[in-house]
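Q: Have a look at this one before I ask anything.
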Amino acid sequence: MKTGRPKTPIILSADDQSQLNAIANSRSVPHGLVTRAKIILMAAEGQTNQAIAQKVALSKQMVCKWRQRFLKQGLTGLHDELRPGRPRSISDEKVAEIVHKTLKTKPRNATHWTIRSLEKETELTRPTIHRIWKAFGLQPHRQRHFKLSTDPFFIEKVRDIVGLYLNPPDNAVVLCVDEKSQIQALNRTQPVLPIGLGYVEGVTHDYMRHGTTTLYAALNIATGQVLTACKRRHRHQEYLEFLKGVDANVPAGLDIHLVVDNYATHKHPKVKRWLAARPRYHVHFTPTYASWLNQVEIWFNIITQRAIRRGTFKSVKELVSKINQFVQQYNTTTRPFVWTATADSILEKIKRLCQFISGTQH
């Protein structure tokens with residue numbers, strides 16, 4: 001049996017491992033570079049070229065090429081080779097200076113650098129600075145919000161809920177339940193200018209308020225269908241009334257697993273007594289500051305973008321009618337959301353974030 005020539009093993013230093021992981025998990029560097037970093041990481045684990053090629057959707061020859069490039073040139077070998085053309089007018093040192101200034105410093109009178117402010121500081125042209133920023137994925141004008149959970153049982157709750165998504169229990173239905181409160185029935189003060197050739201839809205910046213409603217929703221993770229109800233208020237009485245509607249719509253022979261957040265309404269004594277009297281209910285609370293684990297939040301974003309945010313409503317009744325119309329149409333064509341993240345992958349990502357935060361504070 002032919003086994004071919006034995007492959008030269010790839011042994012990574014701690015620094016190479018760290019840099020490759022950063023590249024492989026980045027969303028800002030070129031996709032080709034991300035793929036090459038993944039190839040080297042898998043090769044360092046001892047995986048064959050054939051197995052790696054299948055995972056990254058490249059030919060076996062391409063995988064072999066990047067292995068050899070890394071063995072000969074290290075991390076530098078993963079970057080594209082220089083092509084013929086006019087010599088660069090900006091030195092590597094100048095590029096490094098721009099990158100360092102963008103990452104490590106701030107202008108005296110502002111919170112972040114802009115292309116124009118950096119132009120005055122460095123005497124480089126705006127197109128040059130823009131190209132450097134684009135090449136290194138630098139976007140100092142943008143922020144990404146995050147909030148780490150402080151729940152002492154964070155790990156246990158993540159494993160519990162993700163386990164429900166990836167391996168739902170038999171003879172049971174899993175429902176992601178939450179409410180979207182204070183949805184305003186807003187009407188613009190002047191008529192909307194419709195979209196046309198060469199210009200976008202026009203709306204006035206001000207509006208008139210005509211009241212609010214609270215949308216309760218239960219998402220069935222197996223079918224993707226949503227059971228909803230609009231209520232005037234956001235109290236335990238309305239939540240309990242919604243649960244009774246859920247109970248009436250789920251066949252009596254099925255257990256019901258509810259995924260909910262830690263809002264006080266969901267833990268009200270009367271709600272607890274109602275659930276305790278019905279053994280088929282099993283409640284799974286998301287960790288604090290981790291409502292992103294609840295799949296119904298994805299659906300709330302969909303209905304907000306498609307039916308609420310850009311709508312104009314003269315009354316709450318008209319707003320509720322629009323919501324019900326959207327839900328009815330949505331349930332006829334829906335498909336379940338595909339949840340692929342494992343508990344281990346989520347916890348590993350949180351670990352990397354904590355390590356990064358810890359590193360920046362020293």
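Q: Restricting the search to the stretch 314-350, which residues are of a type in the set (Phe, Trp, Tyr) and assigned to a helix (DSSP H, G or I)?
A: Across the stretch 314-350, the qualifying residues are 326, 330.
Q: Residue 111 fails exactly one of the following numbered conditions: (1) in contact (Cβ under 8 Å) with a residue 24 or more places away in the chain; (2) over 26 Å from residue 23 (Cβ atoms). What is the number of that condition?
A: Answer for residue 111: the failing condition is (1).
Q: Here are some residues: 149, 117. Which one is among the small types (Gly, Ala, Ser), part of a loop (DSSP other than H, G, I, E, B) and not assigned by TED's automatic domain parsing to the domain that holds residue 295?
A: After applying the criteria, what remains is 149.
Q: Follow-up question, since we're still on this one. Does at least one position in the stretch 141-148 carry a residue that is modelled with pLDDT under 90 and touching a His at 6+ places or on another chain (Cβ under 7 Å)?
A: Yes, that holds for at least one residue.
Q: Exactly one of these conditions fails for residue 27: (1) of a type in the set (Lys, Arg); (2) at pLDDT 85 or above; (3) within 30 Å of the chain's Cα centre (by Cα). Give me its number.
A: Of everything listed in (1) of a type in the set (Lys, Arg); (2) at pLDDT 85 or above; (3) within 30 Å of the chain's Cα centre (by Cα), residue 27 misses just condition (2).
Q: Among the residues in the stretch 159-182, are any polar (S, T, N, Q), assigned to a strand (DSSP E or B) and either under 19 Å from the mean Cα position of the chain (by Cα) or over 25 Å from residue 25 (Cα atoms) (or both)?
A: yes
Q: I've got another one for you. Which ones in the stretch 263-281 are touching a residue at least 12 places away in the same chain (Cβ under 8 Å), loosely packed, with under 15 Cβ neighbours inside 10 Å and under 23 Å from residue 171 (Cα atoms)?
A: The answer is 278, and nothing else.
Q: Could we say that residue 99 is within 28 Å of residue 24 (Cβ to Cβ), among the hydrophobic types (A, V, I, L, M, F, W, C) and surrounded by fewer than 17 Cβ atoms within 10 Å (Cβ to Cβ) here?
A: Considered against the rule, which asks whether it is within 28 Å of residue 24 (Cβ to Cβ), among the hydrophobic types (A, V, I, L, M, F, W, C) and surrounded by fewer than 17 Cβ atoms within 10 Å (Cβ to Cβ), residue 99 comes out as yes.
Q: Still on this structure, I have one more. On the given criteria, is residue 300 hydrophobic (A, V, I, L, M, F, W, C) and modelled with pLDDT of 90 or more?
A: yes
Q: Look at residue 103 and say whether it is outside any helix (DSSP H, G or I), closer than 29 Å to residue 349 by Cα and either touching a Phe, Trp or Tyr at 6+ places or on another chain (Cβ under 9 Å) or not β-branched (Val, Ile, Thr) (or both).
A: no
Q: Please identify the pairs in which a residue from the stretch 289-303 that is closer than 19 Å to residue 147 by Cα and of a type in the set (A, V, I, L, M) has its Cβ atom under 6 Å from the Cβ atom of a residue that is modelled with pLDDT under 95 and in a helix (DSSP H, G or I), counting only partners at least 6 apart or on another chain.
A: Hits for this filter: 293/161.
Q: Name the pairs: first residue in the stretch 189-216 and assigned by TED's automatic domain parsing to the domain that holds residue 235 and surrounded by 13 or more Cβ atoms within 10 Å (Cβ to Cβ), second residue assigned to a loop (DSSP other than H, G, I, E, B) and of a type in the set (Gly, Ala, Ser), Cβ to Cβ under 6 Å, at least 6 apart or on different chains?
A: 210/315
The values are calculated or read from the model by the stated rules, or taken from the named source; none is laboratory data. These numbers come from a predicted model, not from an experiment. Reconstructed Cβ throughout: ideal geometry from the backbone, glycine too, with neighbour counts over all protein chains shown.
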